[in-house]
Amino acid sequence: MARYIGPKSKVARKFGEPIYGPDKVLERKNYPPGFHGMARRRRKVSEYGVQLKEKQKAKYTYGVLERQFRKLFEKAQSSKGITGEVLLKLLESRLDNVVFRMGIAPSRSAARQLVSHKHITVNGQICNIPSSLMKPGDVIGVREKSKSLEVITDSLASKRYVKSPWLEWDDALMSGKFLNLPEREEIPENIKEQLIVELYSK
């Protein structure tokens with residue numbers, strides 16, 4: 001499965017935001033990467049450039065490549081509701097993102113790996129497809145044989161994640177429930193989804 005495996009700090013500096021979580025490099029070098037990163041006079045970005053940057057930020061944040069992202073946009077477009085908000089809700093309901101939000105994994109890429117390696121169950125059945133979309137009522141848990149995995153126990157013990165209001169978690173069972181699709185104001189990601197809609201509408 002194709003995914004981005006390049007330098008994450010460079011991507012975070014490009015967008016000027018810690019899209020992969022706290023980043024010491026971004027705090028130390030809060031300017032774009034490259035030879036001209038510190039240059040004061042930078043060319044004004046076009047409207048298209050601003051829209052494209054926002055789409056790229058969303059793709060990197062959720063770890064989705066172009067084809068998958070486009071399919072999710074088309075699905076959001078054909079659904080009821082505001083297209084941009086529906087798109088973010090679909091991204092949030094991906095299994096890898098839900099595993100990350102529940103605190104089972106320290107990052108979305110780690111969550112994707114746990115799912116791919118069959119450590120995660122959905123409604124009692126092993127699911128190894130990170131892009132699976134969860135529905136209200138789905139129960140996501142850690143496979144019995146994987147409950148002692150160091151990466152999982154460390155992540156859950158850290159308690160550094162603020163539990164999302166649309167998710168329910170049970171520490172004793174090491175499983176949680178996807179209660180409902182989140183509202184836009186409940187999604188913490190700093191993404192201007194309307195710019196993405198404008199980009200694809202051209």
* Any residue in segment 184-200 that is part of a helix (DSSP H, G or I) and closer than 13 Å to R101 by Cα? -> yes
* To do: Go through segment 149-168 and give me each residue that's over 10 Å from I104 (Cα atoms) and buried (at least 19 other Cβ atoms within 10 Å of the Cβ).
  => S164, W166, L167
* To do: Give me the pairs, please: first residue somewhere in segment 175-202 and over 27 Å from D138 (Cβ atoms), second residue anywhere and hydroxyl-bearing (S, T, Y), beta-carbon distance under 7 Å, and either six or more positions apart or on two chains.
  => V197/T83
* To do: With the condition kept exactly as written, say whether any residue in segment 59-78 is exposed (fewer than 13 other Cβ atoms within 10 Å of the Cβ) and β-branched (V, I, T).
  => no
* **Restricting segment 79-98 to residues that are surrounded by 17 or more Cβ atoms within 10 Å (Cβ to Cβ) and out of contact with any Pro (no Cβ under 9 Å at 6 or more places or on another chain), the residue that is nearest to P130 (Cα to Cα)** => V98
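Can you name the residue in segment 152-163 that is in a helix (DSSP H, G or I) and closer than 16 Å to R101 by Cβ and, of all such residues, is modelled with the highest pLDDT? Write out each step before concluding.
First pass over segment 152-163, keeping only residues in a helix (DSSP H, G or I): 152-158.
So of that shortlist, the ones also closer than 16 Å to R101 by Cβ come out as 152, 155-156, 158.
Values: I152: 93, S155: 90, L156: 90, S158: 84.
The selected residue is I152.
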* To do: For segment 169-179, name all the residues that are of a type outside the set (G, A, S) and modelled with pLDDT under 95.
  => W169, D170, D171, L173, M174
* **Positions within segment 122-151 being outside any loop (DSSP other than H, G, I, E, B) and not basic (K, R), in sequence order** => V122, Q125, I126, L133, V139, I140, G141, V142, E144, S146, E150, V151
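A quick yes/no check of all residues on (1) closer than 29 Å to K71 by Cβ; (2) crowded, with 18+ Cβ neighbours inside 10 Å:
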residue	(1), (2)
G103	yes, yes
R108	yes, yes
Q113	yes, no
V122	yes, yes
G141	yes, yes
K147	no, no
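Of all residues in segment 89-109, count the ones that are of a type in the set (S, T, N, Q) and not in a helix (DSSP H, G or I). Before the answer, list the steps.
Applying the first criterion (of a type in the set (S, T, N, Q)) to segment 89-109 yields 93, 97, 107, 109.
Applying the additional criterion that residues be not in a helix (DSSP H, G or I) yields 93, 107.
Total satisfying the criteria: 2.
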* Among the residues of segment 60-79, count how many are within 14 Å of the chain's Cα centre (by Cα), at pLDDT 90 or above and in a helix (DSSP H, G or I). => 4
* **Condition met for I191 (over 25 Å from C127 (Cα atoms) and touching a Lys or Arg at 6+ places or on another chain (Cβ under 6 Å))** => no
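The values are calculated or read from the model by the stated rules, or taken from the named source; none is laboratory data. As the structure is a computational prediction, the values presented were derived from the model and not from experiment. For neighbour counting, all protein chains shown are included, and Cβ atoms are generated from backbone atoms with ideal geometry for every residue, glycine included.
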